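What follows is a short report on a single structure.
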Amino acid sequence: MRNTQVLKKLEDLYFEVRREPLVTTSGIETSKFAIIRNDSNKVIGVVGKDYQLIENKQLIETVIPKLKSLGDFRYNKIITVNDGAKSFVELVFPNRTVEIKDSHDNLDHIQPTLTLSNSYDMTKKLGFVAGVFRLVCSNGAFIGVKAFSYIKIHVNIDLREVIKSGTDVLNLLVSRVFPFYQKMAMQKISKNRIHSLKENLGEGILRKMSILNEDGECILKADGDYYDATEWSVYNSATRYLTHEHKGSYLSQLAFNQKLTHVFGLDTIQ
């Protein structure tokens, strides 16, 4: 994916950076600072004077070991965008696997995830986003980005608070979002929901997601009805596409996931 790099190990995120004041060509010092990679001398961010620099290595080595209290986890994805300007570490917690059963007694298995994000360009805040790993095929599908999150700008950050937020976000996901998914699995997709998907995502990508045909009709539609199509099955068709077939950047994948959570009402969960 353009501007996106999938890394093999955490240590690949441990590049050092420095902060230098930005100066005009006439020598006037501005209120902005450049964040520069030491290994390549590339500018990967421009920040203000109040920006609190927390390097990936410091964040990961402080926060992730503390998450072991939540149970065993594995690394699913380690991603950087724009030469390391943004980074994402996705953790999956298999010890919290939950079964989702639909109206035909078909079982789905999902596991909670926490994605730790950081950025050096102020476009992505620091903290956790909760999601779900779906056990389909061998690598699953990522569901529900932004269902719950704890994100802070790089000002007055307390890493102890970030650690505590990981527990809070994961518990909210299991206690609130998973039951919501179960309701989706039992609820037939409505015409209004299909209409909302068209409005928010566009018919073109819905066809790619195998939700709509070329005539703009739900592919699971027959005799004027959406047979066997539940909120869950249509939602999963969309997330499967985003995980396995989407050709855009990781950031565009996250953006589409956010639209999906909005369409299906996940962003209204309290």
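Derivation of every value follows stated rules applied to the coordinates shown; laboratory data play no part. From a predicted model like this one, the values you see are computed outputs, not experimental measurements. Here the Cβ positions follow ideal geometry from the backbone for every residue, glycine too, while neighbour counts run over all protein chains shown.
Which pairs in the list LYS9/LYS77; LYS8/LYS68; LYS42/LYS77; LYS188/LYS208; LYS42/LYS152; LYS101/LYS183 are over 18 Å apart, alpha-carbon to alpha-carbon? Don't skip to the end; give the middle numbers.
Numbers: LYS9/LYS77 9 Å; LYS8/LYS68 21 Å; LYS42/LYS77 24 Å; LYS188/LYS208 22 Å; LYS42/LYS152 25 Å; LYS101/LYS183 9 Å.
Checking Cα-Cα distances, LYS8/LYS68; LYS42/LYS77; LYS188/LYS208; LYS42/LYS152 exceed 18 Å.
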Gained length - ASP168 relative to VAL23, 0.36 nm times residue gap less alpha-carbon distance: 48.0 nm
DSSP H segments from the chain that extend 30 Å or more along their own axis, Cα-based, with Kyte-Doolittle mean of 1.0 or above: none
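Show me the ranking of peptides 168-174, 6-12, 238-244 by mean Cβ neighbours inside 10 Å, starting with the highest. Numbers along the way, then the final one.
Details: 168-174: 17.9, 6-12: 12.6, 238-244: 20.6.
Packing order, densest peptide first, comes out as 238-244, 168-174, 6-12.
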Inter-probe distance in nm under a simple model that places probes 7 Å from Cα toward Cβ, at GLN5 and ASP72: 3.2 nm
Residue-wise HN-Hα coupling along the stretch 90-99, computed from phi with Karplus coefficients 6.51, -1.76, 1.60 (Hz; x: Gly, Pro): 9, 10, 10, 10, x, 6, 10, 4, 10, 8
Approximate spin-label separation ARG207-ASN106, in nm, with each point projected 7 Å along Cα-to-Cβ: 2.5 nm
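For ASP105, ASP228, what ranking results if the residue with the fewest other Cβ atoms within 10 Å of its Cβ goes first? Could you put the intermediate results ahead of the total?
Working: ASP105 6, ASP228 13.
So the residues, fewest neighbours to most, are ASP105, ASP228.
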Per-residue [θ]222 nm for the chain (sum of -39500 (n - 2.57) over DSSP H runs n ≥ 4, rounded to 500): -8500 deg cm²/dmol
Where the Cα pairs of the chain fall when distances are cut into 10 Å bins, in %: 6, 27, 31, 20, 11, 3, 1, 0
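Rank by packing, highest mean first: peptides 65-76, 45-56, with packing defined as the count of other Cβ atoms within 10 Å averaged across residues.
On the way: 65-76: 13.6, 45-56: 15.8.
Packing order, densest peptide first, comes out as 45-56, 65-76.
Once the Cβ-Cβ distance between MET122 and ASP228 is put in as r, and R0 is 41 Å, what FRET efficiency do you end up with, to the nearest 0.05?
Efficiency at R0 = 41 Å is approximately 0.35.
With a Förster radius of 30 Å, plug the Cβ-Cβ distance of ASP215 and SER249 into 1/(1 + (r/R0)^6) and report the FRET value to the nearest 0.05. Intermediate values should be presented prior to the final figure.
Details: r = 30 Å, r/R0 = 1.01.
Plugging the Cβ-Cβ distance into 1/(1 + (r/R0)^6) gives 0.50.
Could you give me D for the stretch 185-268, from Stokes-Einstein at 10 °C and 1.306 mPa s, where the hydrodynamic radius is the Kirkwood radius over C-alpha pairs? Units µm² s⁻¹, please.
On the way: Rh = 12.9 Å.
D, rounded to a whole number, is 123 µm²/s.
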